[in-house]
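Q: Take a look at the following structure, please.
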Amino acid sequence: MGIMEKLKAKSRAKSPWVVHYDATSCNGCDIEVLACLTPVYDVERFGIVNVGNPKHADVFVVTGSVNEKSRKVIETIYNQMPEPKAVVAVGACACTGGIFKECYNVLGGIDKVLPVDVYVPGCCARPEAIIDGIYKAAGMLEDKAKKMKKVE
Amino acid sequence: MEMFLKIVLIVIFAPILGGFLDGIDRRISARMQNRLGPPLLQPFYDVIKLFGKESIAVNQTQIAYAFGHLVFAIAALVMLLLGQDLLMLIFILAFSGIFLIVGASSVNSPYSKIGAQREIMQMMAYEPIIVLMTVGVFLITKSFMVSSIFEFDKPLIYYMPLLFIAFLFVLTIKLRKSPFDFSTSHHGHQELIKGVTTEFSGTQLALIEMTHWYDLVLLLGMVSLFFAKPIWVGIIIALVAYFLEIVIDNISARVTWRWMLKLSWVFGLGAALTNIIWLYITLK
């Protein structure tokens with residue numbers, strides 16, 4: 001049925017629920033992520049809600065270059081999220097490891113651990129860029145849902 | 001046959017009304033916080049999206065508890081709108097709450113279990129007031145049936161104004177609004193991660209959201225019973241009470257269970273008991 005499929009696709013794009021984790025970040029990008037929730041940027045008008053619970057979330061917003069301890073944590077959070085899910089790597093450290101890339105304990109970015117869908121560069125990334133990234137990730141959820149059905 | 005048609009219409013249209021009221025709630029709350037807020041249809045987008053998620057079941061009985069929670073809430077609403085027994089309706093509503101508590105207790109997460117215990121505290125806080133309201137209705141109309149409230153000549157609020165104020169406590173707790181929203185909180189807020197609903201996801205969470213919509217329509221219906229004689233006045237009073245709840249939600253902080261019990265038992269139950277004793281004496 002065309003209408004049901006369209007309605008489901010529209011709802012998926014219009015209601016991306018976010019779980020946010022700081023994987024060994026300096027907290028700069030995390031402050032900008034939380035600033036998106038404030039009245040100045042107001043992400044709730046896009047339907048984005050910061051649920052702290054991976055079981056309820058669609059989009060995983062991660063900041064920080066990863067080390068061995070936070071690697072286990074982001075793997076656990078990612079595994080607990082139900083499909084369809086997307087990962088947004090926010091900040092230079094999350095994309096490539098940033099200025100900490102050469103450190104002995106740093107793995108060098110989220111994509112060394114998880115499949116990242118959207119990279120939001122910046123140090124720290126601006127709230128407008130973060131919102132744009134989450135919006136793009138929400139748009140990808142529909143394609144992921146279609147693939148989810150086909151593999152089953 | 002006509003009753004069956006009525007039941008089908010209630011089951012289909014009540015959640016649509018409840019979802020719209022929920023959307024209005026989020027929009028007005030956002031405006032009060034100097035933000036724009038989500039579109040009015042946002043709760044529907046949320047629930048449809050949740051139905052499309054993968055099923056993660058922590059144990060085999062969770063979905064049954066989520067369904068039980070929904071079905072008994074629908075039963076209570078149908079009983080109210082068909083003018084049936086008010087006391088029975090309250091027990092069925094309590095049963096719906098118990099399903100959620102047992103469902104949350106059935107998983108091993110500490111957040112879920114503590115959320116379930118807090119939900120029990122909430123039930124302990126509001127159940128006495130709702131039962132006293134039913135006793136008040138019985139003292140005035142000599143019957144427990146909702147239809148007898150419509151047949152009574154005067155609006156009930158003239159006889160039970162203090163019970164109306166006590167019912168506002170019930171409304172705040174049942175609608176999960178601050179200051180009494182600590183077993184699970186509503187969108188965007190977190191309490192014990194998500195308290196009672198932490199381990200529910202996908203379809204189960206969508207069912208719990210829809211139950212919240214049915215509960216919303218049920219509770220606003222009970223508020224409008226206080227002024228049932230032209231029912232449109234009752235509905236306006238219910239909507240004003242809903243707006244008052246949104247205001248209270250935005251201006252207060254969450255309290256602990258001790259404060260909730262103190263406030264609702266001293267002020268809510270105190271007002272209710274005063275009203276019942278006064279009714280008993282004057283209607284003797």
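The values are calculated or read from the model by the stated rules, or taken from the named source; none is laboratory data. Here the structure is a predicted model, which means the values were calculated and not measured. No Cβ is skipped: glycine too gets one built from the backbone with ideal geometry, and neighbour counts run over all protein chains shown.
Q: Go through region A:119-152 and give me each residue that's within 17 Å of A:Asp22 (Cβ to Cβ) and exposed (fewer than 15 other Cβ atoms within 10 Å of the Cβ).
A: The answer is A:Cys123, and nothing else.
Q: May I ask you to say which residue of B:Val196, B:Val170 is within 14 Å of another protein chain (Cβ to nearest Cβ), surrounded by 23 or more Cβ atoms within 10 Å (Cβ to Cβ) and of a type in the set (A, V, I, L, M)?
A: After ruling out the rest, the residue left standing is B:Val196.
Q: Which one is nearest to B:Ile92 (Cα to Cα) among residues in region B:52-70 that are surrounded by 14 or more Cβ atoms within 10 Å (Cβ to Cβ) and at the interface with chain A (Cβ under 9 Å from one of its Cβ atoms)?
A: Residue satisfying both the conditions and the ranking: B:Val58.
Q: Hey, any hits in region B:43-51 for a residue that's farther than 20 Å from A:Lys10 by Cα, of a type outside the set (Ser, Thr, Tyr) and more than 7 Å from chain A (Cβ to nearest Cβ)?
A: Within region B:43-51 (the criterion being farther than 20 Å from A:Lys10 by Cα, of a type outside the set (Ser, Thr, Tyr) and more than 7 Å from chain A (Cβ to nearest Cβ)), the answer is no, since none of the residues qualifies.
Q: Can B:Val223 be described as buried (at least 21 other Cβ atoms within 10 Å of the Cβ), touching a residue at least 40 places away in the same chain (Cβ under 8 Å), under 30 Å from B:Thr141 (Cβ atoms) and β-branched (Val, Ile, Thr)?
A: In short, yes.
Q: Now a separate question. For region B:102-122, how many residues are more than 20 Å from B:Gln204 (Cα to Cα) and either crowded, with 20+ Cβ neighbours inside 10 Å or touching a Pro at 6+ places or on another chain (Cβ under 8 Å) (or both)?
A: So the count comes out to 2.
Q: Let me ask something else about it. Name every residue in region B:240-266 that is loosely packed, with under 15 Cβ neighbours inside 10 Å, among the aromatic types (Phe, Trp, Tyr) and closer than 20 Å to B:Met222 by Cβ, in order of residue number.
A: Passing the criteria: only B:Phe243.
Q: Under 7 Å by Cβ, and 6 or more places apart or on different chains, what pairs join a residue from region B:13-36 that is buried (at least 17 other Cβ atoms within 10 Å of the Cβ) with one that is charged (D, E, K, R)?
A: From residues that are buried (at least 17 other Cβ atoms within 10 Å of the Cβ), the pairs are B:Ser29/B:Asp249; B:Ala30/A:Glu44; B:Arg35/A:Asp42; B:Arg35/A:Glu44.
Q: Right, here's the next one. Checking B:Ser143 against (1) without any contact (Cβ under 8 Å) to a residue 24 or more places away in the chain; (2) assigned to a helix (DSSP H, G or I), only one condition comes out false. Which one?
A: In the conditions (1) without any contact (Cβ under 8 Å) to a residue 24 or more places away in the chain; (2) assigned to a helix (DSSP H, G or I), B:Ser143 misses (2) alone.
Q: Going residue by residue through region B:87-101, is there one that turns out to be of a type in the set (Gly, Ala, Ser), under 20 Å from B:Ser201 (Cα atoms) and either away from chain A (no Cβ under 14 Å) or over 18 Å from the mean Cα position of the chain (by Cα) (or both)?
A: Scanning region B:87-101 turns up at least one residue that is of a type in the set (Gly, Ala, Ser), under 20 Å from B:Ser201 (Cα atoms) and either away from chain A (no Cβ under 14 Å) or over 18 Å from the mean Cα position of the chain (by Cα) (or both).
Q: Could you tell me whether region B:142-163 includes any residue that is within 14 Å of chain A (Cβ to nearest Cβ) and either within 21 Å of B:Val247 (Cβ to Cβ) or modelled with pLDDT under 90 (or both)?
A: No: region B:142-163 contains no residue that is within 14 Å of chain A (Cβ to nearest Cβ) and either within 21 Å of B:Val247 (Cβ to Cβ) or modelled with pLDDT under 90 (or both).
Q: Could you please find all residues in region B:147-203 being among the charged types (D, E, K, R) and not in a helix (DSSP H, G or I)?
A: Result: B:Asp153, B:Lys154, B:Arg176, B:Lys177, B:Asp181, B:Glu191, B:Lys194, B:Glu199.
Q: If you don't mind, another one. Which pairs turn up if I take residues in region B:238-251 that are closer than 15 Å to B:Ala166 by Cα and look for partners that are of a type in the set (Phe, Trp, Tyr) with beta carbon separation below 6 Å, at least 6 apart in sequence or on another chain?
A: none
Q: Among the numbered criteria (1) surrounded by fewer than 19 Cβ atoms within 10 Å (Cβ to Cβ); (2) at pLDDT 90 or above, which one does A:Val61 miss?
A: (1)
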